[in-house]
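Visitor: Structure provided below as structure tokens; questions to follow.
Only the coordinates and a few stated rules stand behind these numbers; no lab work does. All figures in this text were calculated on a predicted structure; none of them were measured in a lab. For neighbour counting, all protein chains shown are included, and Cβ atoms are generated from backbone atoms with ideal geometry for every residue, glycine included.
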Amino acid sequence: MFIEISLDNLSVDHTLAWNIFNKQHQLLVRKGTVITDQLLQALTKRGLNTVYIFKEDYAVYNQTETDQGSPAEQSERNHVVDLYKQALIELQRSQMRARYKKQQANQLYNSLLALLEEVFSHENELEHFFTFKEANPDHSYRTHALHTAILAASIAKWLELDNYSIIEIAITGSLHDIGQVEIPDTILKKKKALTPDEWQIIQKHPRTGAGLLLTTSWITPQILSGILKHHERLDGSGYPEGCSDDAIPLYSRIVAVAGAYDNATSNHPYKKANTIFEAAANLRDLSYGQLDQHITQKLYDHILAFFSGKTAVLSNGEHGTIVQLGAEPQRTLIKTEKEFYDLTHKSAPYVIKVR
């Protein structure tokens, strides 16, 4: 069964139930195509008012959008969003303080602590992380800093570190790119490949960031070291010092993994985001030589476990259940009515939305 729906009410995970033709009766979009943001914009530009979608898609969409839960659940969600927004504001303030060589205020510490307490009170902290990511898919200094902080703190929790270390790692994640305040936007937002001179400027930001934080009393030596070496790699291929192995502290190793994952799953001016599972698989591959293998495996395992059993909408129009195979190497698969898809394989359809 299918229904007619206006473009204003069309969701990015709806599937077309009828072909779309232009006035010359030429096929524009084939039946079974899943709506994306780009396609929705293209249809709007062509002046279309309505399309036909499958009725079950509309029912699921309406239930998702309108079923907000009990007043207590709504209040909890609003509280988490408020804490998230406040942390973003504090990160913006910290960036301004760094730009004018001022000490960092401890409001950033307090806002991170309040947000993490709420995140960790949930049954699974990744629930909030991926909710934040879905709401803010584009890379920016503030969102990258906060998402890295949340994910780094989550990894520290999975490693069973003490609470003091967890909050310090979160602070390290939130300030790891603070040195970028001295890099021109023409370099940071450049869509083409960097020149050797521009790359040298980029490589200075960990040392610059640690230097900007030296005068802030509540920034500990462990945090400074974590920021200074978050771009170092175990094989010595990182920067700014090119150190390797045991010379890279735990804080740096955790932030490197968290930051790399958030970076890979965010939209940039020069590239689109990788899918959740492709990014996790690529990150795990980097652990053989560059990133800490134990830390990347922790992240990979928790992401697979979190999404296992959930329903996903694929780019080819199919819906399926996410399943996890425990055999080595672990893989994330989608089981549809037709077949299994390995989501870590580049030829597989990508996940548009997880319900």
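Visitor: Taking the Cα centre of the chain as the origin, how large is its charge dipole in debye, to the nearest 20, when only Lys and Arg (+1) and Asp and Glu (-1) carry charge on their Cβ atoms?
Guide: Values: 36 positive and 42 negative charges, 285 e Å.
Using only the charged Cβ atoms, the result is roughly 1360 debye.
Visitor: What is the extension gain from Trp218 to Arg93, computed as 0.36 nm multiplied by their sequence separation minus the C-alpha to C-alpha distance, in nm to one decimal?
Guide: 43.4 nm
Visitor: Also: Please name whichever of Ser6, Ser121, Phe132 sits farthest to the positive end of the charge dipole of the chain, dipole taken about the Cα centre and charges placed at Cβ: Lys and Arg +1, Asp and Glu -1.
Guide: Final value for the positive-end residue is Ser6.
Visitor: Report the chymotrypsin sites (Phe, Trp or Tyr not before Pro) located in the stretch 270-316 that are in a DSSP loop and have at most 11 other Cβ atoms inside 10 Å of their Cβ, or state none. List each step's numbers first, then the result.
Guide: Working: sites: Tyr270, Phe277, Tyr288, Tyr300, Phe306, Phe307; in loops: Tyr270, Tyr288.
Hits after loop and neighbour filter: Tyr270, Tyr288.
Visitor: Under the √(5λ) rule applied to the eigenvalues of the Cα gyration tensor, what semi-axes describe the equivalent ellipsoid of the chain? Give them in Å, descending. Mind showing how you got there, number by number?
Guide: Values: eigenvalues 296, 98, 97 Å².
So the equivalent ellipsoid measures 38, 22, 22 Å along its semi-axes.
Visitor: Another question about this same structure. Multiply the residue gap between Glu337 and Leu188 by 0.36 nm, knock off their C-alpha separation, and tell me the result in nm, one decimal place.
Guide: Working: separation 149, 0.36 × 149 = 53.64 nm, distance 4.46 nm.
49.2 nm is the gain from fully extending Glu337 to Leu188.
Visitor: Follow-up question, since we're still on this one. Val323 to Glu241: FRET efficiency via 1/(1 + (r/R0)^6), r the Cβ-Cβ distance, R0 30 Å, to the nearest 0.05? Let's see the in-between values first.
Guide: On the way: r = 43 Å, r/R0 = 1.44.
Computed FRET efficiency for Val323 and Glu241 comes out at 0.10.
Visitor: Could you check the spin-label model distance between Val81 and Lys102? Points 7 Å from the Cα along Cα→Cβ, value in nm.
Guide: 3.0
Visitor: Continuing with this model, one more query. Taking 8 Å as the Cα distance limit and 6 or more residues as the minimum spacing, I'd like the relative contact order of the chain as a percentage.
Guide: Values: 517 pairs, mean separation 44.3, N = 355.
Reported as a whole number, the value is 12 percent.
Visitor: Here's something else I'd like to know. So for each of 98-109, 162-173 I average, over its residues, the number of other beta carbons within 10 Å; can you give me the resulting order with the highest mean first? Show your work: numbers first, answer last.
Guide: On the way: 98-109: 15.4, 162-173: 21.2.
By packing density, highest mean first, the sequence is 162-173, 98-109.
Visitor: So, one more: To the nearest 0.05, how large is the calculated FRET efficiency for Ser308 and Ser140 if R₀ is 25 Å and r is the Cβ-Cβ distance? It would help to have the intermediate numbers written out before the result.
Guide: Working: r = 31 Å, r/R0 = 1.22.
That pair, Ser308 with Ser140, gives E of 0.25.
Visitor: Continuing with this model, one more query. At 0.36 nm per residue, and after removing the present C-alpha to C-alpha distance, how many nm does the segment from Thr50 to His294 gain when stretched out fully?
Guide: Details: separation 244, 0.36 × 244 = 87.84 nm, distance 5.07 nm.
Stretched out fully, the Thr50 to His294 stretch lengthens by 82.8 nm.
Visitor: Still on this structure, please answer the following. Mind checking the dipole of the stretch 201-355: about its Cα centre, +1 per Lys or Arg Cβ, -1 per Asp or Glu Cβ, Debye to the nearest 20?
Guide: Working: 16 positive and 15 negative charges, 101 e Å.
Here the size comes out at about 480 debye.
Visitor: With unit charges on the beta carbon (Lys/Arg positive, Asp/Glu negative), name the residue among Leu213, Pro249, Leu286 whose Cα is farthest towards the positive pole of the charge dipole of the stretch 209-294.
Guide: Looking along the dipole axis, the top candidate is Leu213.
Visitor: Another question, if that's okay. Filter the DSSP H helices in the chain by two things, a Kyte-Doolittle mean of at least 1.6 and an axial alpha-carbon span of 15 angstrom or more, and list the hits by number. Kindly include the intermediate steps, with their values, before the conclusion.
Guide: Numbers: long enough: 55-66 (16 Å, -1.62); 71-99 (42 Å, -1.02); 107-121 (21 Å, 0.73); 141-158 (26 Å, 0.36); 163-175 (18 Å, 0.97); 250-264 (21 Å, 0.57); 276-286 (16 Å, 0.48); 293-307 (21 Å, 0.08).
In the chain, no H run is both long and hydrophobic enough.
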